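Right, one structure below, let's go through it.
The values are calculated or read from the model by the stated rules, or taken from the named source; none is laboratory data. Everything quoted here is computed from the prediction, not taken from an experiment. Quick reminder, even Gly has a Cβ in these numbers, built from the backbone with ideal geometry, and neighbours come from all protein chains shown.
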Amino acid sequence: MTSTTTMDRGGGWLSRERIVAGPGFNRWLVPPAALCVHLCIGQVYAFSVFNEPMTRLIGGAESAPGDWSIPAVGWIFSISIVFLGLAAAFGGTWVERVGPRKTMATAAALFGGGFVVASVGILWHQLWLVYLGYGVLGGCGLGLGYISPVKTLMTWFPDRPGMATGMAIMGFGGGAFIASPLSVFLMAQVGVAGAFLALGIIYFAYMMVGATIVRVPDEGWKPEGYEPPRTSSRMMTTAHVHVDEAMKTRQFWLLWGVLCLNVTAGIGVLGQASLMIQEMFPGAITAAAAAGFVGLLSLFNMLGRFFWASTSDYIGRKTTYMIFFALGIVLYAAVPWTGNVGSVFLFVVFYAVILSMYGGGFATIPAYLRDVFGTKYVGAIHGRLLTAWSVAGVLGPVLVNYIREFQINSGVAPADAYTVTMYIMAGLLAVGFVLNFLMGPVDEKHHLPADAKTA
């Protein structure tokens, strides 16, 4: 008792000890806390609404000499994704130690503060400040905020870990629905710099609501009527693997490749979805219709996170990813065919399914890690695995953009410039299929001793 009291005083309101739930606490109050954070940091998927306005800060109606270029502004998003992965990787062990409240509060300060610093950079027209603010600070907030609720949700829902993480990560996919219209509205009222400042304040406040209401279960807690499995199944262990030991296993790097390839294929085409549908169906799709198409993809990205993660609780994580890759190969390879036959309907349907599996991959991977490595260090292991997202966040757009440009410069019509890209993406998914097929249980030599198995 003395030890806990001392730690309480030392950690204060942010300490893990202050958020241990009492008897009778309703575990369904925890997912909303995670959603408070993920709905905010999901704004990164809507950052493209700032791209064009930020290229005419001097010119006003159109770009003028001295204005930033689209490629220069485009690096803001890429930097933020890189630092998301780095913060998740290097901060994962710290998150395990301090608990979700301190992590969420730190993420709120970094993400909200990053907007504020970026707003100053926009006001002074100093792009390096925007890189530092939204890219570096905001990216670190993204990474810590993304992994902050993962282990907590799995601990509260040991019976449905896929569904639990799917609920939170669904918020990340759906954050753009809120951020996109809100950003456009704020820019119309107070300009680009003012919009960044307002969003920084709004997101900080809302993320702190999540930090305030989050709770962790008491040691030894389990849902009423739930009995943990007493023996390990082939792909679900009852043991635990330390985060440093996990990185020495073949399984960690197989899953790193699985996530990287799934995200590379998805994020590469997501960034070009609007332009692609207009160029593949010239004259048939207006800019407004293309914008609606992008909104539809965001919806399937969000819903796919909950649907596929929940489904994985019944059919298994490995099977779920086998579906992602096998079905993805067929759909990516068939996209050029939809353009050749002029079927906008099939193009939209194929892309909707593709984006649902893209989002589903993010939501399913934490439960996959939990099955393979146990629950004790799953948050830290998840953080390190997200470096695959950092790599994919650069690799995917580069592949799509440069291959398209090369094709067009070689005389290929814009409507046909994506054919090679889609086939390459299908090839990447084929490699991912093989990596996932090779997944198996971790050798017992990597497990923690029996007396250290309590999560």
*Among Ala179, Ala168, Ala211, Ala198, which is the only one that is free of Cβ contacts under 8 Å to residues at least 60 places away in the same chain, buried (at least 18 other Cβ atoms within 10 Å of the Cβ), within 20 Å of Leu110 (Cβ to Cβ) and of a type outside the set (Val, Ile, Thr)?*
Ala198
*Under 9 Å by Cβ, and 6 or more places apart or on different chains, what pairs join a residue from the range 225-248 that is surrounded by 11 or more Cβ atoms within 10 Å (Cβ to Cβ) with one that is at pLDDT 70 or above and part of a strand (DSSP E or B)?*
Thr237/His447; Ala239/His447; His240/His447; Val241/His447; Glu245/His447
*asked:* Consider the range 393-431. How many of its residues are farther than 30 Å from Gly143 by Cβ and free of Cβ contacts under 8 Å to residues at least 24 places away in the same chain?
replied: 10
_Filter result (under 18 Å from the mean Cα position of the chain (by Cα) and either assigned to a helix (DSSP H, G or I) or modelled with pLDDT under 85 (or both)) within the range 43-74_ = Gln43, Val44, Tyr45, Ala46, Ser48
*Please enumerate the residues belonging to the range 122-181 that are over 17 Å from Thr375 (Cα atoms) and not in a helix (DSSP H, G or I).*
His125, Gln126
*asked:* It is to be established whether one or more residues within the range 91-98 are touching an Asp or Glu at 6+ places or on another chain (Cβ under 8 Å), buried (at least 17 other Cβ atoms within 10 Å of the Cβ) and not assigned by TED's automatic domain parsing to the domain that holds Leu270.
replied: no
*Select, from Ala118, Ala198, Ala211, the only residue that is among the small types (Gly, Ala, Ser), modelled with pLDDT of 95 or more and within 15 Å of Val37 (Cβ to Cβ).*
Ala211
*Tell me which residues, restricted to the range 384-416, are of a type in the set (D, E, K, R) and loosely packed, with under 15 Cβ neighbours inside 10 Å.*
Glu405
*When you look at Gly257, is it among the small types (Gly, Ala, Ser) and not in a helix (DSSP H, G or I), yes or no?*
no
*Going by the structure shown, is Gly411 small (Gly, Ala, Ser), more than 20 Å from the chain's Cα centre (by Cα) and in a loop (DSSP other than H, G, I, E, B)?*
yes
